[in-house]
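K.L.:
What follows is a structure written as structure tokens; I'll ask about it next.
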Amino acid sequence: MSVTDNLPTNQIVYLRPKGGRVLIPEVILASIAPYVQNSWNKPEAGGVIMGRYIKDCEDIVVDKITLPMLGDKSGRFSFFRNKKSHQKVIDHEWEASNYTCTYLGGWHTHPEPVPTPSFVDKNDWKRNMKQDFFDSNCLFFMIVGTAEIRLWEGNKHKNSLTALNRI
Amino acid sequence: MADIQKYFTKFHEAIKLKRFEENSTLVEKRDIILNKLAAGLKKNFEDKDESVPKYNWFNQGSYEMGTGIKPINSDYDIDVGISFKIAKDDYSDPVDVKKWVYEALVGHTKRVEVRRPCVTVFYQKEGETEYHVDLAVYSDEECNSDGKKYLAKGKLNSSSNNKVWDHSEPCKLTNLINDHYSGDDHKQFVRVVRYLKRWKDNNFKIDGNAAPIGIGLTITSYDYYTPKKDLVDVFANKYNYNDLSALKNVVIRMISCFATYYDNGTSSERLKTYLPVEPRCDVFEKMTDNQMADFKKQLNALLDALNIAEDEVDPVAACESLQKIFGDDFPVPEKSDTAQKKGPAIITSSASA
């Protein structure tokens, strides 16, 4: 049995710091599963997260993610996401969903059981919050470890980052 | 939590059957039958040179309680009470009185039957029964020395011990149900009853006593319902009703009231619910032990679906869980209907490690 057998396959729900929840449905977890770095030859992978801000509450549902695409560069311990190809998917999903499936943040893998963001990760997330253009106050960052998937919520105005707990 | 209430509201609009005043076909059928009854009684009694019995009529049942739903695998029915101004003691055989009604109406449609609790007129269209009108026949309380109303029970060929006058309080029952709560709380109570009735139609076979009867579900709701609403504006005293929570509360209490009863060395687990008026019988008494076990199993499945819907973050998935248990009249929204519209997003490249 490898450590990845511990990775959740049912949906995951995280609690947001000021109420509301973030749902990562089963179908999203299934599309990430092949990229989990559970063997020495698997490179880091990543993409963007898209989904819905549910009406009349603070809940968020992740509906789409992008997978590594042409133009991305990945090594065992690094991943570079090219903006062009991922942007195309964001535009397409946003228009096809009557402007409700929106850019929520990014995800990438780590070759460690319980992932923690590196210095490079944190700097990148801060830069995303400043330089990306998006219609909300926050972005979400997901790191897929080999035993756990963790999620952070970044607040654009406070320039803060909070690790979210699972329900 | 996502706002599931609006989907319950849409579901309710889809299943509810409006009262007489609003439902012209049923009113029409009822009035035709009442006219036919008056004419038939007059003719039959005058032919015998006897005085025509006096009576009054009233609406009863789910229409009068405002708890009717559109049937999905049976026909529409209307319940009317016919209260004859006679003393029951003058008519030892109650079926004789039911025959007055039967003989006045027989031939009106292809099928008129004396059933145990009532006389039924069936309306058919292309061979299928489309409507039926149930006429319950009573001996009026004004004419009985004890001041009570009695229902005539029995079929044409019933043995004498199956022909009885049963003390009955149909109007008192209607009033109890209608006056239990008032205003918006009463409206939520009625919605909960209708949800349970559609759940019943969607999850039980229609033959025999496989399904808990509608009046039984109404009485259990009467016993267990409490209003569930969230205060959303203290100053305006505005509440948002939470039908999921109200229904769940009733279902939990129903499940917890199943008890084991012992009788002659055998035991059975049953939900006993008594009419709050005469004849104060157990409304589920006709269900067999196996049917009771299925009733409980289905209630647990309903509770599971309600729990999933309550916990679910995605309103689409919540409504899918409810549609499975309530049928296609429960709406499942498009994803885009459940979310806020957002402006465009432009991302930068990203490096992680």
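Just so you know, all these numbers are worked out from the coordinates, no wet-lab data involved. The model shown is predicted, which means the values in this text are computed figures rather than measured ones. Every residue, glycine among them, receives a Cβ derived from its backbone with ideal geometry; neighbour counts consider all protein chains shown.
K.L.:
Compute the long axis of helix B:214-224 from its Cα atoms, compare it with the longest principal axis of the Cα atoms of chain B, and write down the angle in degrees, 0 to 90, nearest 10.
P.N.:
60
K.L.:
Could you state the per residue volume, in Å³, of the convex hull enclosing the Cα atoms of the protein assembly as shown?
P.N.:
Hull volume normalised by residue count: 204 Å³.
K.L.:
In addition: Could you name the lysines whose alpha carbon sits less than 24 Å from that of residue B:148, not counting residues in the same chain fewer than 8 places away?
P.N.:
B:54, B:85, B:88, B:98, B:99, B:163, B:172
K.L.:
Where nothing but the Cβ of Lys and Arg (+1) and of Asp and Glu (-1) is charged, how large is the charge dipole of chain A around its Cα centre, in debye to the nearest 20?
P.N.:
That gives a dipole near 500 debye.
K.L.:
Can you compute the charge dipole magnitude of segment B:16-168 about its Cα centre, using +1 on each Lys and Arg Cβ and -1 on each Asp and Glu Cβ, nothing else charged? Give it in debye, rounded to the nearest 20.
P.N.:
300
K.L.:
Are there trypsin sites (Lys or Arg not before Pro) in segment A:1-97 that DSSP marks as loop and that have at most 10 other Cβ atoms within 10 Å, and which are they?
P.N.:
Sparse-neighbourhood loop trypsin sites (Lys or Arg not before Pro): A:18.
K.L.:
To continue, here is another question. Have a look at the DSSP beta bridges in chain A and tell me what percent are antiparallel, nearest 5.
P.N.:
Of all bridge pairs located within chain A, approximately 80 percent are antiparallel.
K.L.:
Okay, moving on. Counting only other residues whose beta carbon sits under 12 Å from that of residue B:154, what net charge do I get with K and R as +1, D and E as -1?
P.N.:
Net local charge, residue B:154 excluded: +4.
K.L.:
Tell me, what is the percent relative contact order of segment B:296-350, built from C-alpha pairs under 8 Å that lie six or more residues apart?
P.N.:
25
K.L.:
Just in segment B:262-346: which GluC sites (Glu not before Pro) are loop by DSSP and have at most 15 other Cβ atoms within 10 Å?
P.N.:
The qualifying sites are B:285, B:334.
K.L.:
Below 13 angstrom from the Cβ of residue B:180, what's the summed charge of the other residues (Lys, Arg +1; Asp, Glu -1)?
P.N.:
Computed value for this residue: -1.
K.L.:
In segment B:1-103, what trypsin sites (Lys or Arg not before Pro) fall in a loop by DSSP, with at most 13 other Cβ atoms inside 10 Å?
P.N.:
Loop-located and lightly packed - B:18, B:48, B:54, B:85.
K.L.:
Write down the percent of antiparallel bridges among all DSSP beta bridges whose residues are both part of segment B:180-334, to the nearest 5.
P.N.:
Counting only bridges with both partners in segment B:180-334, antiparallel ones make up about 100 percent.
K.L.:
Considering the dipole of the protein assembly as shown built from charges on the beta carbon (Lys and Arg +1, Asp and Glu -1) around the Cα centre, which of A:142, A:97, B:35 is farthest to its positive end?
P.N.:
A:142
K.L.:
Sticking with this one: Assuming a ≥ b ≥ c are the square roots of the Cα gyration tensor eigenvalues, decide whether segment A:1-113 counts as rounded (a/c under 1.5), prolate (otherwise, with a/b larger than b/c) or oblate.
P.N.:
Here segment A:1-113 falls in the oblate category.
K.L.:
If each residue of separation counts as 0.36 nm, what is the full-extension length gain between residue B:255 and residue B:35 once their alpha-carbon separation is subtracted?
P.N.:
74.7 nm
K.L.:
Still on this model: Taking only Cα atoms and a 10 Å spring cutoff, compute GNM fluctuations for chain B and point out the largest among B:75, B:233, B:166.
P.N.:
Looking only at B:75, B:233, B:166, the largest GNM fluctuation is found for B:233.
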